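Asker: I have a structure here, written as structure tokens, and I will follow up with some questions on it.
The values are calculated or read from the model by the stated rules, or taken from the named source; none is laboratory data. From a predicted model like this one, the values you see are computed outputs, not experimental measurements. Methodologically, a virtual Cβ is constructed for each residue, glycine included, from the backbone with ideal geometry; neighbour enumeration extends over all protein chains shown.
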Amino acid sequence: MAASSKAASLALFLAALAVSSAVLVSLAPGACAATPTCTPTQLTPCAPAIIGNASPTAACCARLKAHPASCFCQYKKNPNMQRYVNSPNGKKVFAACKVPLPRC
């Protein structure tokens with residue numbers, strides 16, 4: 001009976017550890033830099049500049065600067081996204097915001 005009690009306590013401890021780890025990771029976004037979350041919708045303030053020919057806004061530049069460079073590499077390889085990142089307007093937006101487009 002003691003063995004099953006120890007196993008139950010261990011299982012409960014491991015479950016609590018997993019939950020607390022998930023909470024800590026969600027509270028510290030930079031802690032998990034090896035696996036950034038790439039969400040292209042975060043760059044919607046840049047759409048008028050990339051799709052149209054508008055100047056990039058301050059919000060656009062701030063989002064570009066905050067976006068992980070590894071995500072841009074993923075976008076450059078994604079057939080649905082590469083036309084925006086590799087487009088002449090896309091390159092102009094990166095240059096205007098002083099964000100280097102990574103070489104991948």
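Asker: Condition first: in contact with a Leu (Cβ under 8 Å, 6 or more places away or on another chain) and modelled with pLDDT under 90. Now tell me which residues in the stretch 13-71 satisfy that.
Answerer: Passing the criteria: only 31.
Asker: Could you count how many residues in the stretch 35-50 are under 20 Å from residue 77 (Cβ atoms) and over 14 Å from the mean Cα position of the chain (by Cα)? Reasoning before the result, please.
Answerer: Going through the stretch 35-50, the residues under 20 Å from residue 77 (Cβ atoms) turn out to be 35-43, 46, 50.
With the extra rule that they be over 14 Å from the mean Cα position of the chain (by Cα), the set shrinks to 46, 50.
The qualifying residues number 2.
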